[in-house]
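Only the coordinates and a few stated rules stand behind these numbers; no lab work does. No experiment lies behind these values; they were computed from the predicted model shown. Virtual Cβ from ideal backbone geometry, glycine too; neighbours counted across all protein chains shown.
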Amino acid sequence: MTQAAERTALYRFFNADGALLYVGITKNFGQRWANHAKSKPWWPESQRHTAEWFDSRSEAEAAEKRAVVSENPKYNLVHKPRPSRVPVPRAAPLPQALADVSADYWTVADIATHWRVTTQTIRAYRSRKRGELPEPDHVYGRTPLWRPATIIGFARPGQGARTDLRDKTTRPEKTEDTE
């Protein structure tokens, strides 16, 4: 490659007030300007530009990086120093109230509190009828109710447990036809 083919320009665009908008590099100003005019929302703000030539693309790239870091153009993203992350203060979780074990009955909300899940999860357990929730001990209107002892003593399936399958320990009895 010839020396002239390698030459690359570092250019800067400024607004009417002289504020630096963008820093970039190119070998072909006409093509680069046309690309910026089509795709960059800041293009209409641009009022003047400067250009500085370098003998190689790698020199121009290094100069571009230094310019972006030190001059902080408004619209450059690449090479721009990122602001340090400030940790977002998070509120401590509120202590979860416990379900009243001395109550006569528990509602769906009480079970959810006891199991530390949402009420929607308990409703899903109930509607699926897969053994994820015992049958209610009492129904008041349309509201199912459980005695606390029923829920506390219930062997709740673990995460991912398949409750929709038959127990594998029970096998159908053999008949004379199947032997």
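Would you mind calculating the relative contact order of the stretch 1-62 from Cα pairs under 8 angstrom and at least 6 residues apart, reporting the percent as a whole number?
Value for the stretch 1-62: 47 percent.
Can you order the peptides 26-34, 123-131 by their average number of other Cβ atoms within 10 Å per residue, highest first?
Going from most to least packed, we get 123-131, 26-34.
Would you work out the charge dipole size for the stretch 51-147 about its Cα centre, treating the Cβ of every Lys and Arg as +1 and the Cβ of every Asp and Glu as -1, and quote it to the nearest 20 debye?
Around 300 debye, computed over the stretch 51-147.
With the dipole of the stretch 20-144 worked out from charges on the C-beta (+1 for Lys and Arg, -1 for Asp and Glu) around the Cα centre, which of Ala34, Val108, Pro81 lies farthest toward the positive end?
Positive-most Cα among the choices belongs to Ala34.
From the C-alpha coordinates alone, can you work out the Kirkwood hydrodynamic radius of the stretch 1-109, in Å? Before the final figure, lay out the partial values.
Details: mean 1/r = 0.0557 Å⁻¹.
Computed over Cα pairs of the stretch 1-109, the Kirkwood hydrodynamic radius comes out at 18.0 Å.
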